[in-house]
Amino acid sequence: MRRKSALAAAATAALAMVLSACGGGGGTPQQPAQSASGGAAQPAFNASLTGVYNPSTKKGGTIKAAHSSDWDSLDPADTYYGYSFNFGRLYWRTLTTYKTGPGPDGNQVVPDLAEGLGEPSPDGKTWTYKLRAGLKFEDGTPITAKDVAYAVARSYDKETFPHGPSYLNELLAWPKDFKGVYKTPDVDYKSAVEATDDTTVVFHLVKPFASMDYIVQMPMTAPVPKDKDTGAKYREHVISSGPYKFETNETGKRFTLVRNDQWDASTDPNRPALPDKWEVQLNVNADDLDNQLMSGSIQLDIPGTGMQPAALGKVLPDPALKARTDNPTIQRLWYISVIPDNKPLDNVECRKAVMFAADRVANQTAYGGPVAGGEIATNVMPPGIVGQEKFDLYQTPENKGDVEKAKQALAACGQPNGFETTMTFRADRPREKALAEAMQQALSKAGIKLTLKGFPASSYFSDYAGNVDYVKKNGIGLATHGWGSDWPDGYGFMQAIVDSRTIRPAGNYNLSVKNAEVDKLIDQAAGELDATARAKLWVDVDKKVMEDASILPVVWAKALLMRGQGVTNIAYNEGQQMYDYVLLGAE
Amino acid sequence: MLTYIIRRLIGALAMLIVVSMVTFGIFFVVPQWAGATPEALASRYVGRAATPETVHLVAERLGFYDPVVVQYGRFVKGIFTGAQYDYGAGVEQCPAPCFGYSFISGQPVWPDLVDRMPVTFSLAIGAAILWVLGGVAIGVLSALRRGSFFDRLSMGTALAGVSLPIFFTGMVSLVIFSYGLGWTPPGGAYTPLAENPALWAYDLLLPWITLAFLFAATYARLTRAGMLETMGEDYIRTARAKGLKEREVIVKHGLRAALTPILTLFGIDFGLLIGGAVLTETTYTLPGLGQYAILAIRNQDLPQVMGVVLVAALFVVVASLVVDLLYAVVDPRVRLS
Amino acid sequence: MSFLEVKDLKIHFPTDDGLVKSVDGLTFDLERGKTLGIVGESGSGKSVTSLGILGLHKGGRARISGEIWLDGEELNGASAEHVRGLRGKKMAMIFQDPLSSMHPYYTVGHQIIEAYRIHNDVSKQVARKHAIDMLGRVGIPEPARRVDSYPHEFSGGMRQRAMIAMALSCDPELLIADEPTTALDVTVQAQILDLMVDLQREFNSALIIITHDLGVVAELSDDILVMYGGKCIEYGPADSIFYRPEHPYTWGLLGSMPRLDREPTERLLPIKGSPPSLINVPPGCAFHPRCPYAERTQGKAETEVPALTETEGGHLVRCHMSRDERRGLWENEIKPVLETQ
């Protein structure tokens, strides 16, 4: 059992039993609001991590939500934020989705538009999904497999939809001359995705791939009616396949969702669809948003990445406010790339010296401590990833660093007197600045001298720490980074930051892990259809990376989330890594 | 007079061109000095972990492979003749003045600017009325009761007003008056004037006061200093010797002269403000030009940055022109020269 | 009772450095149609006196005592508002520097119209006609056009004429002119003085001319009052003061009179030293540190304040020397020097 067991103890035993009884990943319709027993409405810290807080089946009312910034896009083909995937399920439906509700089961995918999970061919290269009956768009036209296949095909056009994930671009066997549904409207894309009849969608992959059910929970599979598709302008009015549709949409300011009367609850086991209306305000001042969340004039913080430092100081010491919060560990790792491009860090022993010299406690403090920052990370994969194993190759007393071991490693590296290198961080992020300073201090004890360089976040990856040439020319040895999981398995978390074949000239999150053995293990794991064996292989990848000493893990991030006032049915979902937005209701 | 105005307008146009070139330069040329490639620029406008193909397509679509001069020319041409926008499923005509389409949201910039102007205007006008009336009144009273308790209190408050940043006073007033006492609406409230004038004023009350507090402080101090100076002038003695009532001496003779430098300041302040009250709009989440500017810069959204910078620069240029013309109206001595 | 009677007027200003006795016990009177010249160096208290008569120190920091009777009405004890009502109407003032004394932002006409309408309930059109009329009477050519000019568009002499027009717009019975010609060319000075006298005759008003230049007032005044250190040191009929002055300070003033036939810097009997500080007025006779004859008083000049005593028909002098001593000095030493021209 993972560390969630400790949290589970806080919830009622009955609730935990009900939830675990729901496990198994089948398409069993469930209504968490009904399964939860009363009494949970008593505010308590971490109340919605393991149970549904304030359960209700009451329909009606409005939920007032706010976002401190703006969506990348409301178009299902053009969005790549966790909150967007989560919130989007109010107006779209995908082939699969995370099982709604609290607890570890939230990591599992369950069917949504599909009747059941995907059927892989024995070679793992063909996946087939069968659609439910009675599905309709908001205008009343039936949703067919063709609409799903078309949505997948349109998402291929990265010129029109540059924000969305490109997993399907790389996984599916697209025709050579296919440039997207707009530029090459006559090219048949059935070699990649096809509707073999009105209810059957078939994906053809270029290589065996086991995590397909996780991929198709992403919004690229949300159906789009071809005759309503307006390309880059579709974001202005997305045609709903879910329980709500757009009433108004003022770009950059606000939008509202109202009930979609064509959505049939009997086709949808996952969404109770309680409120009548959702009002979303955009670009709200982040500190004011926290204040409004506390006072009740805003009920939901859309990004769900936690409260601002200013609010933490107010919430944590106040028992009444703290009781309204949850403090989950999210599937995000804050880490430092130890880049082997420049001497002497090309030598693994010198990288190990950095591992040993780092003061993990000071690093955790830099990130905000155990509540606001996160748990000290000892390896790459965070808890919460299916099959994750916690291990520590570079143990030091009380996690505070070991100068002796660091010096031994330096000697083995041929640098007994230490060396000098440069560390980059995002200058507009105080935590990263504090981390860089903590590293500078800790490493200096072992004789490693760091020069710190801060850069603006907006061009950090494009021009500086993620730019291959810049890093090589400027002798960058260490760089602060963060990575969140796309879905809770090894591939979803690790592939983007440890596969050397994803490195491109600019915009990289990973410039340090360049290990052929790691790449080989990744391919092996990705194609392994047996879940247990697959999970084991990803742990091997994790270990290989840590042996390579090219990633120094800092913390597995935690967020402090606040439950909105007057909101019912609040549960933290492990798959979404935030409150499960489709469950929420208004008092 | 007419030639003067024409000369000033030509100067204003030249300044707008310089502003646009500098903004463009900061955006493209400076990163190039740092070694940024077109792909590096484009990687700001893609989703996370985008493939090199995606970045290449976006760089191509945004025209980053063309020389900067060509890109600048295209931008300027769009303002005068309009442009075409390919949204995948079709091509849209963007009529002049076309400030291009957002690199992020794909929305045309000009309608956004037009849409946001009323918010900023509302904020600026209401605050301006408050701060001019309040600041000048306090300044006059302080000057007349120099050294009194009122003078010390108001000048102390004025000092606080000048020193405290809006994101602080704004946030504190929200916490007290909106979330504590419930007298004012929460941040983000805005109702267009045409929709409901009473609600418009109610929603903007706190932002007005916060913004006016900052400016009123400056104006109170300036008015006080100006009044102390003019009330010692010989013509004030003359006015009194004529038997004029003291109130008229103060307002018609004293204040009239003291207001001239304030008018200049006001013109520039107001011009800057209608180009975007950045801090107030961000603090109170008001969808005006200032918020737009901050979001555009945060997202490095060049067309939006260019649009909002040019509109703001235009306002400042026009405001300073209006001030110069008004100056001649206010001070007859200026007219000769 | 005279038209204007000032009795023992004291105007003191408390400051951080001490009490400033700008005017310290001044007494004089003036009839309608007559002219009084008040003469003294800057800082002697003459301007403060005139502003005091107009009641312009009221409500300020000044401590005022004594009596000011105008046309049978006591003004020092009257309310500020009442005195304001008299200002501009019953008594008016012409200031020294017409450029700084007229408001730069309003037209000359506007400022005259304003002055007229404060005390006369008439329409703007009527007041404007009156203003044009007044500008014509003070000798401004094309008054109907110049009425819309701003002060800075006038020459210095024109401005002073406009100032006079403004002061006279309500037919004041008492007119105080504070250094009315100082800022002007010598040729223009004479024109302005002539104008004032003509107008005074026409309106039959009482006129006070304040100046540091005895020559300005010598011919125009009926009476002359010489001030020094806030006090009157010599006062009497103009002829008597001018032809038989008895105070050494007055001799000095006569000797430093600029004349058309001399270089203005050339002085026959310069007064050495500078005017006294009004906070620390020298003990005894305030003039004694500068007086060439102080030693003749056997030390009284340093200790005793001389009294203001009559020497002949209404001629008062404040000096420790005896009348004969003073007359002897004047006839034998001073007059011959002054007449060398």
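Got a sec? Charge dipole of region C:238-339, +1 on Cβ for Lys and Arg, -1 for Asp and Glu; which of C:Gly284, C:Pro248, C:His315 is way out at the positive end?
C:Gly284
Using +1 on the beta carbon of Lys and Arg, -1 on that of Asp and Glu, and nothing else charged, what's the dipole of the protein assembly as shown about the Cα centre, debye to 20?
1000
Nearest-5 percent of antiparallel DSSP beta bridges in the protein assembly as shown?
Here the antiparallel bridges make up roughly 70 percent for the protein assembly as shown.
Using each residue's phi in region A:176-181, evaluate 6.51 cos²θ - 1.76 cosθ + 1.60 at θ = phi - 60° and report the 3J(HN,Hα) Karplus result to the nearest Hz, with x for Gly and Pro.
Along region A:176-181, the couplings run 4, 8, 7, 10, x, 6 Hz.
Placing unit charges on C-beta atoms (Lys and Arg positive, Asp and Glu negative, everything else neutral), compute the dipole magnitude of chain A about its Cα centre in debye, rounded to 20.
Dipole of chain A, to the nearest 20 debye: 1020 debye.
Which of rounded, prolate, oblate describes region A:412-482, given a ≥ b ≥ c as roots of the alpha-carbon gyration tensor eigenvalues and a/c under 1.5 marking rounded, otherwise prolate only if a/b is larger than b/c?
It comes out oblate by the Cα gyration axes.
Take the Cβ-Cβ distance between C:Ser123 and A:Glu420 as r, set R0 to 56 Å, and report the resulting FRET efficiency rounded to the nearest 0.05.
Working from the Cβ atoms, E equals 0.05.
Which residues among region A:431-475 fall inside the zone where the amide N is under 13 Å from a point 7 Å beyond the Cα of A:Ile503, along Cα→Cβ?
So the set is A:466-473.
Quick one: work out Rg over Rh on the C-alpha atoms of region C:1-115, Rh as Kirkwood radius.
Across region C:1-115, the Cα-based Rg/Rh ratio is 0.98.
When the convex hull of the Cα atoms of region A:385-506 is projected onto a plane and the area is averaged over all directions, what value comes out in nm²?
9.1
If only Cα atoms are counted, what is the Rg of chain A, and what is its Dmax, in Å?
Rg and Dmax of chain A, Cα atoms, are 23.9, 74 Å.
What FRET efficiency comes out for the pair A:Ala412/A:Glu375, r = Cβ-Cβ distance, R0 = 25 Å, nearest 0.05?
With R0 = 25 Å, the Cβ-Cβ based efficiency is 0.25.
Between B:Glu248 and C:Arg327, how high is the FRET efficiency from 1/(1 + (r/R0)^6) when r is the Cβ-Cβ distance and R₀ = 60 Å? Nearest 0.05.
0.65
Counting alpha carbon pairs within less than 8 Å and at least 6 residues apart, what relative contact order, in whole percent, applies to region C:98-171?
Normalised by residue count, the contact order of region C:98-171 is 46 percent.
According to the square roots a ≥ b ≥ c of the eigenvalues of the Cα gyration tensor, what is the shape class of region C:1-46, taking rounded for a/c under 1.5, prolate for a/b larger than b/c otherwise, and oblate for the remainder?
In terms of gyration-tensor shape, oblate.
Taking all pairs of different Cα atoms in region B:26-98, averaging 1/r and flipping that mean, what Kirkwood radius in angstroms comes out?
Kirkwood hydrodynamic radius for region B:26-98: 13.5 Å.
What list of whole percents do you get for P(r) of region B:145-249, with Cα-Cα distances grouped in 10 Å bins up to the one holding the largest distance?
Using 10 Å bins, I get a P(r) of 13, 29, 26, 18, 12, 2 for region B:145-249.
So what is the orientation-averaged projected area of region A:313-398, using the convex hull of its C-alpha atoms, in nm²?
Dividing the Cα hull surface by four gives the mean projection, 7.6 nm².
Once you keep just the Cα pairs under 8 angstrom separated by 6 or more residues, what percentage relative contact order results for chain A?
Computed over chain A, the figure is 21 percent.
Relative to the Cα centre, what is the charge dipole magnitude of chain C, using +1 at the beta carbon of each Lys and Arg, -1 at the beta carbon of each Asp and Glu, and rounding to the nearest 20 debye?
740
Rounded to the nearest 5, what % of DSSP beta bridges with both residues in chain A are antiparallel?
75
Provide a whole-number value for the mean count of partner chain Cβ atoms within 10 Å of the Cβ atoms in peptide C:105-115.
So the per-residue partner count for this stretch is 3.
Compute the longest continuous run of chain C that contains no exposed trypsin sites (Lys or Arg not before Pro); treat a site as exposed when its DSSP state is not H, G, I, E or B and it has at most 13 other Cβ atoms within 10 Å.
C:62-258
Short version: what are the Cα gyration tensor semi-axes of chain C, square root of 5 times each eigenvalue, largest first, in whole Å?
The equivalent ellipsoid of chain C has semi-axes of 36, 23, 17 Å.
Just to check, using Stokes-Einstein with a Kirkwood Rh over alpha carbon pairs, what's the diffusion coefficient of the protein assembly as shown at 4 °C and 1.567 mPa s in µm²/s?
34
Using the eigenvalues of the Cα gyration tensor, what equivalent ellipsoid semi-axes result for region B:109-336 when each is taken as the square root of five times the eigenvalue, whole Å, largest first?
35, 23, 14
Contour minus end-to-end for B:Leu228 and B:Ala160, with contour as 0.36 nm per residue of separation and end-to-end as the Cα-Cα distance?
22.3 nm
How much length would be gained if the chain were fully extended between A:Asp523 and A:Val258, taking 0.36 nm per residue of separation minus their Cα-Cα distance, in nm to one decimal?
Gain in length upon complete extension: 91.0 nm.
Per residue Cα convex hull volume for region B:141-198, in cubic angstrom?
Normalising the Cα hull of region B:141-198 by residue number yields 142 Å³.
Antiparallel as a % of all DSSP beta bridges within chain C, to the nearest 5?
Percentage antiparallel, nearest 5: 60.
If I take every Cα pair under 8 Å that is 6 or more residues apart in region B:2-94, average their sequence separation and divide by the length, what percent do I get for the relative contact order?
Relative contact order comes out at 17 percent.
Could you give me the ³J(HN,Hα) list for region A:293-309, computed from phi with Karplus coefficients 6.51, -1.76, 1.60 and θ = phi - 60°, whole Hz, x at Gly and Pro?
Calculated HN-Hα couplings, in order: 5, 5, 7, x, 6, 10, 10, 8, 8, 4, x, x, 9, x, 7, 6, x Hz.
Roughly speaking, what is the centre-to-centre gap between region A:391-419 and region C:276-329 when only Cα atoms are used, to the nearest Å?
102
Hull surface divided by four, with the convex hull built on the Cα atoms of region C:238-339: how many nm²?
Mean orientational projected area (region C:238-339, Cα hull): 7.2 nm².
Give me Rg/Rg_expected for region C:98-171, where Rg uses Cα atoms only and Rg_expected = 2.2 N^0.38 Å with N residues.
Relative to the rule-of-thumb radius for its length, region C:98-171 sits at 0.95.
Can you give me the Kirkwood hydrodynamic radius for region A:106-210, using every pair of distinct Cα atoms, in Å to one decimal?
Here the Kirkwood hydrodynamic radius works out to 14.6 Å.
For region A:221-279 and region A:492-530, compute the distance between their C-alpha centroids and round to whole Å.
Using only Cα atoms to place each centre, the spacing works out to 36 Å.
Tell me the label-point distance for the pair B:Val318, A:Lys228, using the 7 Å Cα-to-Cβ offset, in nm and rounded to one decimal.
It works out to 4.1 nm between the two label points.
Determine the principal axes of the Cα atoms in region A:329-558, then give the extent along each, sorted from largest to smallest and rounded to whole angstroms.
48, 38, 37
Multiply the residue separation of B:Gln32 and B:Phe80 by 0.36 nm, subtract the distance between their alpha-carbon atoms, and state the gained length in nm to one decimal.
Extra length from B:Gln32 to B:Phe80 when fully extended: 14.5 nm.
For region C:165-228 and region B:209-263, what is the centre-to-centre distance using only Cα atoms, to the nearest Å?
Here the two parts' Cα centres lie 33 Å apart.
B:Ile125 versus B:Val172, label points 7 Å from Cα toward the beta carbon: distance in nm?
It is 3.1 nm.
Laboratory data are not the source of any read-out in this text; all were calculated from the coordinates shown. Since the model is a prediction, treat every value here as computed from it, not as a measurement. Please note: Cβ atoms are built from the backbone with ideal geometry, for glycine as well, and neighbour counts cover all protein chains shown.
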